[in-house]
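Have a look at the structure below before the remarks.
The values are calculated or read from the model by the stated rules, or taken from the named source; none is laboratory data. Remember, predicted model here, so these are calculated numbers, not experimental data. Note: ideal-geometry Cβ built from the backbone for every residue, glycine included; neighbour counts use all protein chains shown. The area values use the complete protein model at the heavy-atom level, side chains included, leaving out ligands, DNA and RNA. Shrake-Rupley method; radii C 1.70, N 1.55, O 1.52, S 1.80 Å.
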Amino acid sequence: MKKHNKITKKYISEVCKTCVTGYCCRHGVDVDLDHAKKISGLKLKLKKPWFYNLFKDKDMVTGWAVSTVVRDGRCVFQKKNYLCMIYKNRPIHCKDFPIEEGRIHRYYNYLCEKPKHIKQKIKKHYR
Ligand code: SF4
Ligand code: SF4
């Protein structure tokens, strides 16, 4: 496991390439309201609703956010192979994760840095 001060974006993208859990998507994500409207316009073979829980969020461009629905224990947009079906249009938090406000997210070790045999166990469990 790398120490946090040695983690770079390049290193993270390598970690993500070998990820077998897609754990970061299990709880869904908060999305700027305008971005959610844009996503809602996509033609996906996916039962709606995709968003819920409108709330004020000063960190969002519009000042408002919604959350993605969590269905079957994962973000509604996460496919069974753990990939994101709206990858090109994914919310900003998803693009940045596991970096948040310029720092490594506090759950980084828990979600992303697991030895391979543990990852395989998690994968089996969630199949
Ligand atoms: S859980 Fe971590 S390693 Fe896996 S895809 Fe998400 S950010 Fe990448
Ligand atoms: S929108 Fe995509 S990347 Fe973001 S949490 Fe959902 S499945 Fe994961």
When the C-alpha atoms of the range 9-118 are aligned to their principal axes, what extent does each axis show, in angstrom, from largest down? 38, 32, 21
Can you pull the percent of the range 9-118's accessible area that's carbon plus sulfur, 1.4 Å probe, other chains left in place? 56
Can you list the aspartates and glutamates whose alpha carbon is less than 15 Å from that of LYS58, not counting same-chain residues fewer than 8 positions off? ASP30, ASP32, ASP34, GLU101
Relative contact order, percent, the range 9-118 [alpha-carbon distance under 8 Å, six or more residues apart]: 31
Candidate cut points under trypsin sites (Lys or Arg not before Pro) in the range 35-68, DSSP loop plus at most 15 other Cβ atoms within 10 Å of their own Cβ, are LYS43, LYS45, LYS47, LYS58
Given a Förster distance of 22 angstrom, what is the FRET efficiency for GLU14 paired with LYS88, based on the Cβ-Cβ distance and rounded to 0.05? 0.55
Cut-off 11 Å between beta-carbons: net charge of the residues surrounding SER40, Lys and Arg +1, Asp and Glu -1: +3
